[in-house]
Amino acid sequence: MSANVSAREAFGIGIGRAVKSWRLLLLFYTFNFFLAAILSLPIATVFAGDVSRSLAGDTLLGGFSYRWYAEFVHANAPIFNSLLPQMILVFILYVLVETFFAGGFYSAFSIKKRTKPGEFITKGASSFFPLLAVTVIEAGILFLLYEGNLLWASVNGHASRNVPSVYAVFRAELWRYGIVIVLFMLVNLISDFIRAAVTLDNDDFWSKIERGVNFTVKHPLATLGVYLGCSLISLSIIGLALLINFNIHATSEGTILAEIGIGQIFILLRIFSKLIFYASEAVLYKEDQIEVIKVKAEMLE
């Protein structure tokens with residue numbers, strides 16, 4: 001059974017709607033910048049006091065030193081431990097606010113017209129607790145997969161002691177990593193379309209979850225195509241950022257500012273790729289549901 005729109009069509013429409021939603025991009029960027037500032041300013045103060053106008057600081061301008069960083073963290077362990085509650089709080093705040101944004105994004109990208117700020121906030125608020133419940137359920141399933149992976153690794157470790165072939169051990173580990181990665185992706189994929197159903201459908205919570213799962217199962221090529229296409233964009237942006245980061249050496253104030261500017265551009269691109277995720281999934285799910293409603297209406301006539 002094919003979806004009402006193909007993965008390519010949903011992906012293309014999603015990119016178009018994400019490009020037009022530059023206000024949402026700036027809103028999400030401001031949110032990310034605010035949380036990063038809360039977390040980084042105390043750490044920056046510690047670094048500035050230890051590194052500023054020192055031989056270590058001059059050395060770090062030529063490239064990051066992992067050895068220095070390990071020694072620095074070890075020497076300032078009490079300070080970093082005191083920042084741990086703040087880091088946890090910022091992470092929780094990030095999850096909560098992104099959950100709120102997710103409801104607004106799915107709603108905004110599911111329609112052709114521009115969403116008003118009041119509509120965005122209303123949809124984000126009304127979808128917040130159901131989306132948060134989906135996130136908690138997804139996190140629980142991923143945790144179980146993680147624990148299962150550790151148990152599987154332990155079993156493989158004990159079994160490998162009696163296996164003389166190194167190739168057999170490598171093949172077993174390859175199978176383990178491959179299956180775990182696929183399962184992680186599958187859980188994430190299904191969770192995404194459950195979020196779309198939770199936001200865009202009018203029904204009770206568990207019916208929405210069932211509908212999101214059924215949609216993913218019935219349209220594996222379309223849902224997987226959108227998911228992999230968006231993931232490819234995200235990985236490309238991250239890879240390009242790492243490549244440039246490894247080849248830029250801050251040797252002066254000008255190059256430091258340039259490096260910071262490039263970093264902010266990549267953050268914007270990363271957020272843009274996330275908007276494409278929301279938009280493409282919303283388009284794919286919403287267009288299919290519209291077709292389902294039309295078919296049901298024709299059957300009733």
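No value in this document is a laboratory result; all are computed from the given coordinates. Only a predicted model underlies this, so the values are computations on that prediction, with no experimental measurement involved. Ideal geometry is used to build each Cβ from the backbone, glycine not excepted, and the neighbour counts take in all protein chains shown.
Below are the figures for this structure:
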item	result
Surrounding net charge for His158, when Lys and Arg each add one and Asp and Glu each subtract one, Cβ distance under 14 Å	+1
Using a Förster distance of 25 Å, the FRET efficiency for Val19-Arg270 (Cβ separation, nearest 0.05)	0.95
Distance between modelled label sites at Val213 and Leu35, nm, 7 Å Cα→Cβ extension	2.8 nm
Across Lys116/Lys218; Lys20/Lys218; Lys20/Lys123; Lys20/Lys116; Lys123/Lys274, pairs whose alpha-carbon gap is larger than 23 Å	Lys116/Lys218; Lys20/Lys218
Potential extension, Leu83-Arg171 segment - 0.36 nm per residue separation minus Cα distance	27.5 nm
FRET efficiency estimate (nearest 0.05) - Cβ-Cβ, Glu119 to Phe184, R0 35 angstrom	0.55
Ordering of 187-196, 219-228 by burial proxy (mean other Cβ atoms within 10 Å per residue, highest first)	187-196, 219-228
Sites Asp204 and Ile92 - FRET efficiency at Förster radius 25 Å, r taken between beta-carbons, to 0.05	0.35
Segment Val155-Ala139, extension gain: residue separation times 0.36 nm, minus the distance between their alpha carbons	3.3 nm
Between the range 205-236 and the range 95-146, the alpha-carbon center distance in angstrom	15 Å
